[in-house]
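To start, the structure itself, in structure tokens.
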Amino acid sequence: MTSYKIEAGTAQHIGNRPQQNDRAALFTGARAPGYVLAVLSDGVASPAGADQVLHTARQVFDAFKPGDQPGIERLAQLLHEMISETHTVIKMNAVATQAEVHASFVGLVISPHGEAVWAHVGDSRLYRFEHGKCAVRTSDTAYVEHLVGSDRLPPDAARNHRRSKLLLNVLGNSRKEPFVTTGSHTGLAAGDSFLLCSDGLWHFFTDAELAAVTAKATPRQASEMLINKATERSQGKGGNCTMVIVKLVKPAQDGSFAGPR
């Protein structure tokens with residue numbers, strides 16, 4: 001029995017772009033009571049890839065039957081299935097339409113047993129906070145190290161990897177498979193929180209700033225504050241800004257449970 005309730009929400013702002021290419025959603029498991037999935041995707045050049053991420057993620061999650069407590073490995077496999085199936089479908093669609101689309105992926109599964117597992121592809125990020133401090137932040141460091149170790153990225157290019165075209169780590173790339181990084185945490189408790197966001201948000205904040213805002217406000221209040229501040233700091237040049245905030249808080253006195261909202 002968990003000692004927390006979940007407060008969660010999604011938010012978006014188009015920024016100065018002509019269209020919103022980001023997508024974000026929260027799902028509960030159709031066949032997995034007590035399991036929650038948060039997923040966010042940044043579509044490259046169009047929202048088509050991000051739309052496919054959410055569609056496939058929901059299909060895979062709806063088919064998920066945990067049985068007895070499945071453990072960290074099974075939940076990580078679930079996220080890998082979402083990534084692999086989305087990547088395959090996007091590539092198949094590209095053959096039919098003669099138009100290749102790409103998308104990032106960041107997904108988080110929270111179990112009713114106090115476990116959290118996440119997976120990440122591309123430049124969207126996941127943060128895990130503990131009582132107002134950043135404990136984990138995904139990045140492309142592991143991917144850069146992988147490229148250097150496999151001799152696909154010269155060390156000099158790695159030092160300036162943001163400029164390297166080799167770093168196109170996305171779903172839908174017909175030339176290479178996505179590089180997936182995963183993480184997990186057990187023993188979730190009230191005071192823990194997660195932020196999934198696109199680069200239109202994280203680019204304008206330090207880890208400490210994101211942790212502080214998430215800790216002191218509800219998901220809705222925090223998202224409004226972050227979008228307003230990102231808009232201010234971008235000086236009219238910000239891109240699509242999208243986030244999912246998941247907070248674990250103390251249960252109400254009457255013992256009621258609050259799911260995603």
Solvent-accessible area, 1.4 Å probe, carbon plus sulfur percent, for the chain: 50
Ranking by accessible area, most exposed first, for T181, T88 with a 1.4 Å probe: T88, T181
Of K65/K91; K5/K216; K216/K237; K5/K247, pairs whose Cα-Cα distance is over 19 Å: K65/K91; K216/K237
³J(HN,Hα) computed for each position of the range 3-20 - Karplus, 6.51 cos²θ - 1.76 cosθ + 1.60, integer Hz, glycine/proline x: 9, 8, 10, 9, 10, 8, x, 10, 7, 9, 9, 6, x, 9, 8, x, 8, 8
Selection from L75, W202, M225, by position along the positive dipole direction of the chain (Cβ): M225
Cα shape, the range 5-248, gyration tensor, a/c 1.5 rule: rounded
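Given a 1.4 angstrom probe, what's the average accessible area per residue across the chain, in square angstrom?
The answer is 48 Å² per residue.
Using helices alone, what [θ] at 222 nm do you get for the chain, with -39,500 (n - 2.57) per DSSP H run of 4 or more residues, divided over all residues and rounded to the nearest 500?
Working: 7 runs with 86 residues, N = 261.
-10500 deg cm²/dmol, from helical runs alone.
With +1 on each Lys and Arg Cβ and -1 on each Asp and Glu Cβ, how big is the dipole of the range 5-248 about its Cα centre, in debye rounded to the nearest 20?
It works out to roughly 380 debye.
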Protein-only accessible surface order, largest first, of S41, S3 at 1.4 Å: S3, S41
Full-extension gain in nm, H131 to S46, via 0.36 nm per residue minus C-alpha separation: 26.9 nm
Sequence of H13, H55, H185 from largest to smallest accessible area, 1.4 Å probe: H55, H13, H185
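The values are calculated or read from the model by the stated rules, or taken from the named source; none is laboratory data. This structure is a prediction, so every number in the text was calculated from the model and none was measured. With ideal geometry, Cβ positions are generated from the backbone for all residues, glycine too; neighbour counts draw on all protein chains shown. With ligands, DNA and RNA removed, areas are computed over all heavy atoms of the protein, side chains included. Shrake-Rupley method; radii C 1.70, N 1.55, O 1.52, S 1.80 Å.
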